[in-house]
Amino acid sequence: MTRAGENEAKGSDSNDKIQRSAMPSVDKALRALLVLAEAGPEGMPLIEVAKKLGLNRSSLHVTLGALRFRDFVAQSPITGYYRLGSAVGYLSQSYLNSLDIRLTLRPAILRLADQINEVCHIAVLEGQEILYIEKIESRRAIQPGTRVGMRLPALTTAMGRAMVAYECPTFESFKIRFKNALTPRTKNAPKTLEEEWSRIVDARRMGFGVDNEENVEGLTAVAVAVLDDARPIAAVSAVSLASDKPDLQEQARLIRKALKPVLVKPLHLPMPEDLPASSGP
């Protein structure tokens, strides 16, 4: 190696040490995850992980225990070996799903926004919230106050309703999932879970969700879910000025029309249908 190369390597090592020293406990945890990723599904005993990282075993044991608590690391009950846990897979799949579905749907909502001249969004459902992963502005002054990366409580939103209609097939499952999650933001918003559930039932019956000035006064929204088998993986919405009195059913039809050409199996759009009578509150 040349002197310049040696200096560059030393500089890299030095920079790496500086970065690790800023938050050593976090750095230790991240390095442990990288080592376990290399070990594969069989995992690795504590002594080997410690050796690879050049760390004290007792200190590393505490770090791995913290990672186990959040399911980032699992430990075999037979061998005692450590391996990556389910939370790592969840993060990876959630990220890839969001990235892939955005790339898949973006051409459709670009055309849709240009056609209807409304604000259009793509969002995914995460826990009790929706996460905006794309937004196309209107040429008109429509200000929903949204941005890519923003989260909103799923309840009372058109996209949330469109997805929850297929995520929660019964009122019981809905009540468990969204207990204490209802936060009315306008006078039009439902005040109880039972009222919100009736909007979700309507979303499944019609095949699209509606927000009638329930998040921002003066704005309405229509959203259609995108399903993978029976599971909602995203929703697309169009936001309009309530004063325009938009034809919500027609907007839902245009959203569906825009999405169909970009969807490949197993992705598909929901068909209007009734929930079983027993699923109501």
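The values are calculated or read from the model by the stated rules, or taken from the named source; none is laboratory data. Everything numeric in this text was worked out from a predicted model, so none of it was measured. Don't worry about glycine lacking a Cβ; one is built from the backbone with ideal geometry, like all the others, and counts go over all protein chains shown.
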Per-region count, the stretch 225-267, residues closer than 18 Å to residue 109 by Cα and part of a helix (DSSP H, G or I): 15
Candidate set from the stretch 63-80 (those that are exposed (fewer than 13 other Cβ atoms within 10 Å of the Cβ) and without any contact (Cβ under 8 Å) to a residue 24 or more places away in the chain); member that is farthest from residue 26 (Cα to Cα): 78
Qualifying residue in the stretch 81-98 (condition: surrounded by fewer than 17 Cβ atoms within 10 Å (Cβ to Cβ), closer than 30 Å to residue 247 by Cβ and among the aliphatic types (A, V, I, L, M)): no
Residues of the stretch 177-195 satisfying the condition of being of a type outside the set (D, E, K, R) and not in a loop (DSSP other than H, G, I, E, B): 193
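Does the stretch 89-100 contain at least one residue that is modelled with pLDDT under 95 and either farther than 30 Å from residue 255 by Cβ or not in a helix (DSSP H, G or I) (or both)? Please lay out each step first, then the result.
Our first condition is that a residue be modelled with pLDDT under 95; within the stretch 89-100, this holds for 89-100.
Now narrow it down to the ones that are either farther than 30 Å from residue 255 by Cβ or not in a helix (DSSP H, G or I) (or both): 89.
Yes: the stretch 89-100 contains one or more residues that are modelled with pLDDT under 95 and either farther than 30 Å from residue 255 by Cβ or not in a helix (DSSP H, G or I) (or both).
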Tally, over the stretch 129-176, of residues that are under 17 Å from residue 94 (Cβ atoms), assigned to a helix (DSSP H, G or I) and at pLDDT below 95: 1
Residue that is nearest to residue 162 (Cα to Cα), among those in the stretch 217-239 that are more than 17 Å from the chain's Cα centre (by Cα) and surrounded by 18 or more Cβ atoms within 10 Å (Cβ to Cβ): 222
Filtered residues of the stretch 125-137 (kept if surrounded by 17 or more Cβ atoms within 10 Å (Cβ to Cβ) and either without any contact (Cβ under 8 Å) to a residue 60 or more places away in the chain or outside the structural domain of residue 101 (by TED's automatic domain parsing) (or both)): 128, 129, 131, 132, 134, 135, 136
